[in-house]
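First up is the structure itself, then whatever we jot down about it.
Derivation of every value follows stated rules applied to the coordinates shown; laboratory data play no part. This one's a predicted model, so the numbers in the text were calculated from it and none came from an experiment. Please note: Cβ atoms are built from the backbone with ideal geometry, for glycine as well, and neighbour counts cover all protein chains shown.
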């Protein structure tokens with residue numbers, strides 16, 4: 001959870017993170033299940049927690065080393081948390097591309 005900055009972390013409510021060995025659908029690294037924050041209402045009754053699942057097997061198979069594994073997990077967490085905040089797949093991918101561009105610029109690449 002440390003990969004999520006405090007300003008976002010404090011907005012995570014009624015959300016659980018789970019690690020499972022393998023996805024039911026091949027190719028997934030993670031999965032967000034729930035109702036995005038943008039679709040919730042204050043007046044709604046209590047609901048079961050939303051769930052972000054990280055799949056261990058695919059991460060370990062894709063990673064070249066421990067540092068790469070940490071990077072993959074961090075990216076997957078960010079991706080799924082973006083869905084929690086209401087971004088659809090296209091918006092998440094665009095946000096990730098902008099983030100990578102900013103990082104390259106900061107590194108002078």
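Computing FRET efficiency as 1/(1 + (r/R0)^6) for residue 68 and residue 88, where r is the C-beta to C-beta distance and R0 is 25 Å, gives about 0.35.
From the helices alone, meaning DSSP H stretches of at least four residues, give me the mean residue ellipticity at 222 nm for the chain, per-run term -39500 (n - 2.57), in deg cm²/dmol to the nearest 500. Per the formula, -13500 deg cm²/dmol.
Nearest-5 percent of antiparallel DSSP beta bridges in the range 3-109? All intermediate terms of the calculation are to be shown ahead of the outcome.
Working: 4 of 10 bridges.
Restricted to the range 3-109, the bridges split so that about 40 percent are antiparallel.
The angle separating the long axis of helix 89-106 from the principal Cα axis of greatest extent in the chain is about 40 degrees.
Between residue 101 and residue 37, what FRET efficiency follows from the Cβ-Cβ distance if R0 is 30 Å, with the result rounded to 0.05? Each step should come with its number before you reach the end.
Working: r = 26 Å, r/R0 = 0.85.
Rounded to the nearest 0.05, the efficiency is 0.70.
Based on the alpha-carbon gyration tensor of the chain and its eigenvalue square roots a ≥ b ≥ c, which shape applies: rounded if a/c is under 1.5, prolate if not and a/b is larger than b/c, or oblate? Walk me through the intermediate numbers first.
Numbers: a/c = 2.02, a/b = 1.31, b/c = 1.54.
Cα axes put the chain in the oblate bin.
Can you tell me which of 71, 90, 35 moves the most in a GNM of the chain? Springs connect C-alpha atoms under 10 Å apart. Of 71, 90, 35, the Gaussian network model singles out 90 as fluctuating most. With Cα atoms defining each centre, the range 86-109 and the range 1-73 are spaced 18 Å apart in the structure. The stretch between residue 24 and residue 11 holds 1.8 nm of extra length on full extension. This uses 0.36 nm per residue minus the Cα-Cα distance.
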